[in-house]
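A short reminder: the numbers here are calculations on the coordinates, not readings from a lab. The shown structure was predicted, so the numbers you read here are calculated from the model rather than taken from an experiment. Don't worry about glycine lacking a Cβ; one is built from the backbone with ideal geometry, like all the others, and counts go over all protein chains shown.
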Amino acid sequence: MRAIRVASAVLLAGALTSCVPAAGAAIRTDFGFGVEPSTVAPGGKVTLRVERNEACRGEAAVESPVFDVVVIPPRESWATAVVDRDAKPGAVYDVRFACDESSGTARLTIAGGQPTHHPTHHPTHHPHKGAHAGEGGTLAGFDLREIGLGAALIAGSLGAACHFARRRPDEDAG
């Protein structure tokens, strides 16, 4: 009987922890976004990208404690920002993307030493349209919280079913 309880607890804990996004992962919204590179030295440059779709047609505002607010115009899909020189090495900062009615957060890690991003080509012209390549293997339309809650409910239901199915008649009497 103890083995069933332990197995149920392990299944529930596994289901709950598998639904938590990784520390460096971007939280998915109705539009795609990202920071490249995700680790940069103080004073380094980062490229801020947004995926243009129905949820993000207007201006995209990008803000973080380590750089000034950057606005990506409606017909562009990227811009650059310079990280503050006084950003704390080793710290992880949130980078918030907001476009139309949607928003999301990515993570930016500050490294030590010189800037890690040295582009060999400095474009003077920003592309007006990017290729729309679909969802790229994501679960389109599903939210991680919904998946996690569903997995937790399933695991809990299975644990309860095992517990009640294994109950002995003498346990009901007392």
* Structure fact -> Scanning region 68-84 residue by residue, those small (Gly, Ala, Ser) and assigned to a strand (DSSP E or B) turn out to be 79, 81
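Residues are listed down the side, and each one gets a yes or a no for (1) surrounded by 15 or more Cβ atoms within 10 Å (Cβ to Cβ); (2) touching a Leu at 6+ places or on another chain (Cβ under 7 Å); (3) not basic (Lys, Arg):
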residue: 33; (1), (2), (3): yes, no, yes
residue: 39; (1), (2), (3): yes, no, yes
residue: 56; (1), (2), (3): yes, no, yes
residue: 62; (1), (2), (3): yes, yes, yes
residue: 90; (1), (2), (3): no, no, yes
residue: 94; (1), (2), (3): no, no, yes
residue: 104; (1), (2), (3): yes, no, yes
